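Asker: The following block contains the structure, expressed as structure tokens.
The values are calculated or read from the model by the stated rules, or taken from the named source; none is laboratory data. Being a predicted model, the structure only gives us computed values, none of them experimental. Quick reminder, even Gly has a Cβ in these numbers, built from the backbone with ideal geometry, and neighbours come from all protein chains shown.
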Amino acid sequence: MSKAITFSEYGAPEVLRLSEVTTPEPGPGQVRIRVRAASVNPLDLKIRSGLMAKAAPARFPVIPGLDAAGVVDAVGEGAGAAVGDEVLGAAVGGGYGEYALLDRPVAKPRSLSWEVAASLVTVGRTAFRVLGQLGVQAGQTLLIHGAGGSVGTLAVQLATARGITVVGTVGAHDSERVTALGATAVRYGDGWVERVKAAAPQGVDVVFDASGAGVLADSVALTGDGAQVVTIADMSAAQHGVRFSAGGADEADDALPELVRMAAAGELDLPVWRTYPLDEAATAHRDVEAHRNRGKVVLLP
């Protein structure tokens, strides 16, 4: 037996409990890790609250958590890592625990902190995936809504490294940081369309909406084509002729090792705002829900 955060009903952060659970055993191709860090993602909150219940009904009790990093302590047949290896990856069956299973572990370089290693998985794959779906090329102009968030921050860096001109909508507190990453930061809110046009007089070729802030209609108008807009956060996408991008089991298989390499080499910056002990998962959820964080939130079992 081991400890993990679980919930047995949908609801507010208070439904999260530190519980005794059966320690998972790795199946073929899997590894079990002693978790050193587990990332809190906005999707965790949506699953816990029941917002995803129609699309993916929960089988209670649920151990939340999409991403984890740790030390391999058991392996299944054909696993891609050995006992003692430091790895990160997408957690199978939840990452908010002392132990977690990974299907496709990626080696963690010594220079990469546990906190960043756990944080990089979902947000990095998402940024990489959407840039590919947009097909944006060097010399084009990309507008990123929510450029100050974790997905947006990585998308800015990946895009600018490819020679893409980036304009990002941000809150005032993120403007300086996003500008330092190579984007032109513009304040979101009323009048954002005019501010974007002033920042990009050459026009906007494609739009990546990581904010879900009701910007799709104007984004389509800016590009002239809904096919040039992708959102990861606005469920009204279809009404605007816009693609909604969601990850899958085989998402960006080749992306994570490259993202890890870039982060370890200092080519990607992913701010970690705060860490919490495992038993403070409810507090971590409340802080993310209230948008207090300015970077990733991480649990340390």
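Asker: Filter the stretch 60-71 down to the residues that are closer than 15 Å to V92 by Cα and of a type in the set (V, I, T), then identify the one that is surrounded by the most Cβ atoms within 10 Å (Cβ to Cβ).
Answerer: Residue satisfying both the conditions and the ranking: V62.
Asker: Ok, one more. Quick one: E9 ticks every box in (1) surrounded by fewer than 19 Cβ atoms within 10 Å (Cβ to Cβ); (2) within 24 Å of V151 (Cβ to Cβ) bar one, so which box is it?
Answerer: (2)
Asker: Does G132 fit the bill of being modelled with pLDDT of 95 or more, surrounded by fewer than 20 Cβ atoms within 10 Å (Cβ to Cβ), in the same structural domain as V204 (by TED's automatic domain parsing) and not acidic (D, E)?
Answerer: yes
Here is a yes/no grid of residues against (1) touching a residue at least 12 places away in the same chain (Cβ under 8 Å); (2) touching a helix residue (DSSP H, G or I) at 6+ places or on another chain (Cβ under 6 Å):
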residue: S175; (1), (2): yes, no
residue: T184; (1), (2): yes, yes
residue: G191; (1), (2): no, no
residue: D205; (1), (2): yes, no
residue: D209; (1), (2): yes, no
residue: V215; (1), (2): yes, no
residue: S219; (1), (2): yes, no
residue: D254; (1), (2): no, no
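Asker: Tell me whether the stretch 143-156 contains one or more residues that are under 22 Å from S39 (Cβ atoms), of a type in the set (A, V, I, L, M) and part of a loop (DSSP other than H, G, I, E, B).
Answerer: Scanning the stretch 143-156, I find at least one residue that is under 22 Å from S39 (Cβ atoms), of a type in the set (A, V, I, L, M) and part of a loop (DSSP other than H, G, I, E, B), so the answer is yes.
Asker: Quick one: would you say G152 is surrounded by fewer than 21 Cβ atoms within 10 Å (Cβ to Cβ) and either under 16 Å from the mean Cα position of the chain (by Cα) or under 21 Å from V297 (Cβ atoms) (or both)?
Answerer: Here the answer is no, as G152 does not meet what is asked.
Asker: Among the numbered criteria (1) buried (at least 18 other Cβ atoms within 10 Å of the Cβ); (2) in the same structural domain as G97 (by TED's automatic domain parsing); (3) not acidic (D, E), which one does I232 miss?
Answerer: If we test I232 against (1) buried (at least 18 other Cβ atoms within 10 Å of the Cβ); (2) in the same structural domain as G97 (by TED's automatic domain parsing); (3) not acidic (D, E), just (2) comes out false.
Asker: While we're on this one: Do the conditions hold for V121, that is, is it touching a Leu at 6+ places or on another chain (Cβ under 7 Å) and within 25 Å of D254 (Cα to Cα)?
Answerer: So V121 passes the test.
Asker: Cβ-Cβ under 9 Å, sequence separation 6+ or interchain: first residue in the stretch 138-167 and within 18 Å of T122 (Cβ to Cβ), partner of a type in the set (D, E) and outside any helix (DSSP H, G or I). Which pairs?
Answerer: I144/D209; G146/D209; T153/D269; L154/D269; Q157/E267; Q157/D269
Okay, residues lined up against (1) at pLDDT 95 or above; (2) assigned to a loop (DSSP other than H, G, I, E, B); (3) under 14 Å from the mean Cα position of the chain (by Cα):
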site	(1), (2), (3)
A217	yes, no, no
A227	yes, no, no
D250	no, yes, no
D269	yes, yes, yes
T275	yes, no, no
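Asker: Right, next: Which condition breaks for R125 when tested against (1) in a strand (DSSP E or B); (2) under 30 Å from P61 (Cα atoms); (3) not small (G, A, S)?
Answerer: Of the numbered conditions (1) in a strand (DSSP E or B); (2) under 30 Å from P61 (Cα atoms); (3) not small (G, A, S), the odd one out for R125 is (1).
Asker: Within the stretch 157-169, can you find the residues that are touching a helix residue (DSSP H, G or I) at 6+ places or on another chain (Cβ under 7 Å) and part of a strand (DSSP E or B)?
Answerer: If the condition is that a residue be touching a helix residue (DSSP H, G or I) at 6+ places or on another chain (Cβ under 7 Å) and part of a strand (DSSP E or B), then V166, V167, G168, T169 are the ones that fit.
Asker: Right, something else. For the subset of the stretch 70-106 comprising residues that are charged (D, E, K, R) and modelled with pLDDT under 95, which member is nearest to E25 (Cα to Cα)?
Answerer: The residue in question is D103.
Asker: Could you go through the stretch 58-69 and let me know if any residue there is outside any strand (DSSP E or B), under 30 Å from M235 (Cα atoms) and at pLDDT below 95.
Answerer: Scanning the stretch 58-69, I find at least one residue that is outside any strand (DSSP E or B), under 30 Å from M235 (Cα atoms) and at pLDDT below 95, so the answer is yes.
Asker: Tell me yes or no: at least one residue of the stretch 36-59 is under 19 Å from A281 (Cα atoms), surrounded by fewer than 24 Cβ atoms within 10 Å (Cβ to Cβ) and hydroxyl-bearing (S, T, Y).
Answerer: Yes, the stretch 36-59 contains a residue that is under 19 Å from A281 (Cα atoms), surrounded by fewer than 24 Cβ atoms within 10 Å (Cβ to Cβ) and hydroxyl-bearing (S, T, Y).
Asker: Hey, another quick one. Yes or no: the stretch 192-212 includes at least one residue that is outside any strand (DSSP E or B), assigned by TED's automatic domain parsing to the domain that holds A155, closer than 25 Å to G132 by Cβ and of a type in the set (D, E, K, R).
Answerer: yes
Asker: Any residue at all in the stretch 150-160 that's among the aliphatic types (A, V, I, L, M) and in contact with a Lys or Arg (Cβ under 9 Å, 6 or more places away or on another chain)?
Answerer: Checked against the condition, which is being among the aliphatic types (A, V, I, L, M) and in contact with a Lys or Arg (Cβ under 9 Å, 6 or more places away or on another chain), the stretch 150-160 yields no hits at all.
Asker: Could you count how many residues in the stretch 128-138 are part of a loop (DSSP other than H, G, I, E, B) and either in contact with a His (Cβ under 6 Å, 6 or more places away or on another chain) or of a type in the set (A, V, I, L, M) (or both)?
Answerer: Qualifying residue count, the stretch 128-138: 2.
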